[in-house]
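A quick write-up on the structure given underneath.
The values are calculated or read from the model by the stated rules, or taken from the named source; none is laboratory data. As the structure is a prediction and not an experimental result, all values here were calculated from the model. We place every Cβ from the backbone using ideal geometry, glycine too, and count neighbours over all the protein chains shown.
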Amino acid sequence: MTLHPTTPDFKDNAHRALHDPELQKALGHVQHGFIYKRQSAVERLPEFKTLRESARDLKDHVLKNLDLYLETYERNVAAAGGQVHFARTSAEACETIVNICKSHGAKSVTKGKSMVSEEIGLNAAIEAAGMQAVETDLGEYIIQLRGETPSHIIAPAVHLTKEQVEGDFRRVHTHLDGARDLSEPVQLLTEARGVLRERFLAADVGITGANFLIAETGTSIIVTNEGNGDLTQSLPKVHIVIASIEKVVPTLEDVSLLLRVLARSATGQDMSVYTTLSTGPRRETDPDGPEHYHVVLVDNGRSAMLGTEFEDMLRCIRCGACMNHCPVYHAIGGHAYGWVYPGPMGAVLTPSLIGVEKGGHLPNASTFCGRCESVCPVKIPLPKLMRHWREREFERHLTPAVQRFGLKIWAFFAKNPGLYSFASRAAMSALAWLGRDKGRFASLPLAKGWTDYRDLPAPQGDTFQAQWRKRQKEARR
Amino acid sequence: MADATIVALPSNETQANLHTTRKAPEITLTAAPARPRVGLFATCLVDLFRPSVGFAAAKLLDEAGCEVLVPPQTCCGQPAFNSGDRVTARDLALQVMDAFSGCDYIVAPSGSCTGQMVKHFPELFDEPKLAMRARAFAAKTFELVSFLTDVLKVTSVEATYEGRVTYHDSCSGLRELGIQSQPRALLATVKGLELVEMNESDVCCGFGGTFAAKYGEISDTIVTKKTANVSESGAPLLLAGDLGCLMNMAGKITRQGKEIDVRHVAEVLAGMCDEPPIGARKETRR
Ligand code: SF4
């Protein structure tokens, strides 16, 4: 059921994105808003640096003891009256969820924001089983109306302009007055709220993701800014939590550490507006809540990353800071990455989950500028991990032939200083002579990838080393 | 554009300081040379395209009291390393370490190549002996400007440049080596020079080595934003510490027909701006 990746067509996707004026307009907001807000939040918290280190260490500890914490979590969910289901693959996860929905005779299912549900293609599975899936996060709701996927892990509709959303609402919400004013974002929000309110009340099952799972108490936690998650999980009679296995943390105390870095890194807030904890179904004394509580834990390739050079990636707490600071993401947006996870975290995670044969472009399409690593709240060395993918590709001869060939020739000369000196002097003198009039080349046969977009400055003449030695000799005379 | 002389020279006192800085190599702790032997790693781009940067670096080092050596050299191996070819990267790392084995320090006019030698050489070797050797090598390797300021404690240069300049922080130097204040501090002492900061000087220029050619269209979008920020600063001269980024930005600036010169920061610090700017023809010197 996994969403079909278009990652192998990354270059075409990127080309299209670069020529999409609406998208380019929308991306303008990512580049400044998120960065500025994170920066000021970090400046307000002197211990942020230390917190990042603690957050990294905590997640590393969990990953080293993942089986232990998952077992503890399962036990405590059961003790609270809920049930944990382990799913090895997307298909198993979808099947489990569809079966739970069916067993309760569900017709309508509401959903809170969950990237893992995108990963496993849950909406399609629910609809194929004859039920309706309704996204309740505003951004998710909008892209569901448009038949799109999220383009950002915390701001799924960030690729859209306000005008586009207004158009969609007028197209779909035909029961409302056609002359209504929708020019302000708050009017769009109010309208979505009104429409969704009825869906909340009609839903038989509510599905939410989880930012964290607490082993000690069997609790799942979501953080949102809209409060839609609360209604999704407390109104229907069945609540299903879907989460990937690395979301578990030992204690409530640990979660508070991660919460301190999460919202600051993501949106620059000290805390998200809602932090919602849920533990099991409704108890006798509770005023409301679901009668049934299920947790579906998805592996889908993650346990295979444990113990490899990609284990660090499982520390990710999905804050989105890496993509907010990525010059490549700023240029092309999230959809060009072709699968669920965009930006630097996607460049590492996607090949792990769908295979490097399909995801190979992503770890290559990076300048290694390192800005992602410098802001990641759990200090994932993203460029290093992308480089590890390039190594795997190189070992398996997946690197494009032209590139391999070029690298080979270059390495041959670089490893033979004598030959290098001879050849480079000849080549540079020739190039310098050819470029003597302009001081640059507007096109060069073997450098099209470069000269299609910019000039190539011509060399000055003889190489530095040759000139240096000449001068040394002259000085000795 | 007058000649430059470095003001702060390693007296015996600065020589002593030199070995208390964080990165000073342990192996020379016992024998502080009066005139350190500095191996200049020119970097392949400077060697091939812009020798004048190598001479500017040599001049700055010489005037700061160093004996400058240029052992036969090719490349630090970063293109192989970043293409996933660890075997070639290791071979080249060993070749560099052999070539510079007689030096007290290794200095390069590039944050990117220095980053490769300082941060990545040690990652390339699992064998304890080689790993130790790579770490010792890394400890005595520095980027040019930070070597002048942080190790040799140079506080000013005696160059002159009349006009406004803007400075781009190349990514590896900035994020792998923490180079940000050092070039600005020395530029502030160049007579007649006014540094105007552009917006987002710390954002990538879109070069990224082979990235610029492999994903030319994306790289183009990134460098176009960069040159817009450069233009907006109003400075007629753009400086940076890495020839790769400089060639990318200069190539875009000339393609766009902008009236902005581009140079390596060492050329200005050394007072050696008599060669035409990067990508400009001989007569267009301003
Ligand atoms: S990789 Fe780091 S910065 Fe990116 S989403 Fe994950 S936690 Fe956030």
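What to note about this one:
- Number of positions in segment B:112-142 that are in contact with an Asp or Glu (Cβ under 6 Å, 6 or more places away or on another chain) and surrounded by 18 or more Cβ atoms within 10 Å (Cβ to Cβ): 3
- Subset of segment A:432-443 that is surrounded by 15 or more Cβ atoms within 10 Å (Cβ to Cβ) and not basic (Lys, Arg) - its residue that is nearest to the other protein chains (Cβ to nearest Cβ): A:Gly439
- Restricting A:Thr267, A:Thr190, A:Thr208 to those that are under 25 Å from the mean Cα position of the chain (by Cα), assigned by TED's automatic domain parsing to the domain that holds A:Ala106 and more than 24 Å from A:Ser90 (Cβ to Cβ) reduces the list to A:Thr267.
- Of the helices (runs of 4 or more DSSP H) lying entirely inside segment A:287-356, the ones with 1 or more residues being within 12 Å of the ligand (Cβ to nearest atom), more than 14 Å from every other protein chain (Cβ to nearest Cβ) and in contact (Cβ under 8 Å) with a residue 24 or more places away in the chain are found at A:321-324, A:343-354.
- Only one entry of A:Ala129, A:Ala124 meets the criterion of being surrounded by fewer than 18 Cβ atoms within 10 Å (Cβ to Cβ) and touching a Lys or Arg at 6+ places or on another chain (Cβ under 7 Å), and that entry is A:Ala129.
- Test result for A:Arg199, touching a residue at least 60 places away in the same chain (Cβ under 8 Å), outside any loop (DSSP other than H, G, I, E, B) and out of contact with any helix residue (DSSP H, G or I) (no Cβ under 7 Å at 6 or more places or on another chain): yes
- Failed item, numbered, when A:Leu258 is tested on (1) over 28 Å from A:Ala41 (Cα atoms); (2) within 16 Å of the ligand (Cβ to nearest atom); (3) assigned by TED's automatic domain parsing to the domain that holds A:Val62: (1)
- Exactly one residue out of A:Val42, A:Val30 is modelled with pLDDT under 95 and aliphatic (A, V, I, L, M), and it is A:Val30.
- Only listed residue being at pLDDT 95 or above, at positive phi and in contact with a strand residue (DSSP E or B) (Cβ under 7 Å, 6 or more places away or on another chain), chosen from B:Gly173, B:Gly163: B:Gly163
- Residue ranges of helices (runs of 4 or more DSSP H) in segment B:22-89 with at least 3 members within 25 Å of B:Val268 (Cβ to Cβ) and either more than 7 Å from every other protein chain (Cβ to nearest Cβ) or modelled with pLDDT of 95 or more (or both): B:44-49, B:51-63
- Condition met for B:Asp91 (touching a Lys or Arg at 6+ places or on another chain (Cβ under 8 Å) and surrounded by fewer than 21 Cβ atoms within 10 Å (Cβ to Cβ)): yes
- Residue match in segment B:211-229 (condition: more than 7 Å from every other protein chain (Cβ to nearest Cβ), β-branched (Val, Ile, Thr) and surrounded by fewer than 19 Cβ atoms within 10 Å (Cβ to Cβ)): yes
- Any hit, segment A:220-239, residues being out of contact with any helix residue (DSSP H, G or I) (no Cβ under 7 Å at 6 or more places or on another chain) and over 18 Å from A:Gly112 (Cα atoms): no
- Counting the residues of segment A:268-282 that are surrounded by 22 or more Cβ atoms within 10 Å (Cβ to Cβ) and within 16 Å of the ligand (Cβ to nearest atom) gives 0.
- In segment B:261-286, of all residues being touching a Pro at 6+ places or on another chain (Cβ under 6 Å) and within 14 Å of chain A (Cβ to nearest Cβ), the one that is nearest to A:Arg454 (Cα to Cα) corresponds to B:Gly279.
- When A:Val62, A:Val84 are screened for being of a type in the set (A, V, I, L, M), within 27 Å of A:Asp312 (Cα to Cα), in a helix (DSSP H, G or I) and modelled with pLDDT of 95 or more, only A:Val62 passes.
- Only helices (runs of 4 or more DSSP H) whose full extent lies in segment A:357-413 are considered here, and the ones with at least 3 residues that are over 15 Å from the mean Cα position of the chain (by Cα), more than 12 Å from the ligand (Cβ to nearest atom) and surrounded by fewer than 20 Cβ atoms within 10 Å (Cβ to Cβ) are A:382-395.
- Only residues that are in contact (Cβ under 8 Å) with a residue 40 or more places away in the chain, facing chain B (nearest Cβ under 8 Å) and either exposed (fewer than 12 other Cβ atoms within 10 Å of the Cβ) or part of a helix (DSSP H, G or I) (or both) were counted in segment A:444-477, giving 1.
- Residue within segment B:170-191 that is buried (at least 16 other Cβ atoms within 10 Å of the Cβ), more than 19 Å from B:Glu143 (Cβ to Cβ) and within 12 Å of chain A (Cβ to nearest Cβ) present: no
- Residue check for A:Ser429: of a type outside the set (Lys, Arg) and either within 16 Å of the ligand (Cβ to nearest atom) or facing chain B (nearest Cβ under 7 Å) (or both): no
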